[in-house]
Amino acid sequence: MSATGHHRAVAAAGRLLRSAATAPQRLRGATIGSGTYVSPRAALRERRRVVIGARSAVGRYVELLPQGGSIRIGDDCSLHNFVMLYGAGGITVGDGCRIATGALIVAFNHGFADLDTPIRHQPITALGVTIGRDVWIGARAIVLDGVRVGDGAVIGAGAVVTRDVPPGCVVAGNPARVIRERTGAGQPVPTLR
């Protein structure tokens, strides 16, 4: 390594150490992109399993709980107040997503098939949740384990999403169903899988 290359490496290491030392205690260990705001009232648990991209915003009382999985939020995202993410099976949120107040994403599910065994002792499944790019999840919507939401989709306020959402579709209701497409007027409306 040349002297110039060595000096650059030392300078980069120094910047990394200074940024780690000046990061608020509540965020140390998490990977947080430049220009990202995390409210002092947000709760990040298991911070080494949390990644938040650049220029994103995490509001008050947001809870990011990996539960042994991981939570990855893309660039230019916003998680409004009271959003909760339970990431046991892993949660990935693509770039440019908006998650409105009180939305809930749960990447695990309890088993309950055996009537002779208390639910708390039955196996848990954790398939994970994937949210595409440029998705808007409305207030108080719920996205459950195993769901994939396509790029450009909109999930209406209060919807309960139990199945995959096709790209560019608007879903609403409980259980959520496609009510229209954002683009491609005249095209048939896809069904949820």
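The values are calculated or read from the model by the stated rules, or taken from the named source; none is laboratory data. Predicted model, so just to flag it, every value in this text is computed and none were measured. For neighbour counting, all protein chains shown are included, and Cβ atoms are generated from backbone atoms with ideal geometry for every residue, glycine included. Side chains included, ligands, DNA and RNA excluded: accessible areas come from the protein's heavy atoms. Shrake-Rupley method; radii C 1.70, N 1.55, O 1.52, S 1.80 Å.
Remark: the stretch 106-121, residue by residue, has Karplus-estimated 3J(HN,Hα) of 10, 9, 6, 8, 8, x, 8, 6, 8, 5, 8, 10, x, 4, 5, 9 Hz, where x stands for each Gly or Pro and the curve is 6.51 cos²θ - 1.76 cosθ + 1.60 at θ = phi - 60°. The H on the amide N of Ile131, modeled in the peptide plane, is under 5 Å from the matching H of Thr92, Val93, Gly94, Val149, each at least 5 residues off or on a different chain.
Probe radius 1.4 Å, ligands and nucleic acids ignored: give me the carbon and sulfur share of the accessible area of the stretch 91-150 as a rounded percent. Present the calculation step by step, with values, prior to reporting the outcome.
Details: 1900 of 3270 Å².
Of all accessible area on the stretch 91-150, carbon and sulfur atoms account for 58 percent.
In summary, the stretch 48-94 shows an alpha-carbon radius of gyration equal to 1.04 times the 2.2 N^0.38 Å reference for compact globular proteins. Fully extending the segment from Tyr61 to Arg8 would add 15.1 nm, taking 0.36 nm per residue of separation and subtracting the current Cα-Cα distance. Computed about the Cα centre, the dipole magnitude for the stretch 52-193 is approximately 280 debye when only Lys and Arg (+1) and Asp and Glu (-1) carry charge, each at its Cβ. Annotation: amide H of Thr36 within the under-5 Å range of Arg55, Ser56, sequence separation 5 or more or interchain, hydrogens built in the peptide plane. Each other residue within a Cβ distance under 11 Å of Ile131 adds +1 if Lys or Arg and -1 if Asp or Glu, for a net charge of +1.
Give the shape of the stretch 28-109 as rounded, prolate or oblate, defined through the alpha-carbon gyration tensor: a ≥ b ≥ c are the square roots of its eigenvalues, a/c under 1.5 means rounded, and otherwise the shape is prolate if a/b is larger than b/c and oblate if not.
Values: a/c = 1.35, a/b = 1.20, b/c = 1.13.
Here the stretch 28-109 falls in the rounded category.
Site pair Tyr37 and Asn174 shows an inter-label distance of 3.2 nm when each label is modelled 7 Å from Cα along Cα→Cβ. Scoring 59-68, 114-123 by mean Cβ neighbours within 10 Å over their residues and listing the highest first yields 59-68, 114-123.
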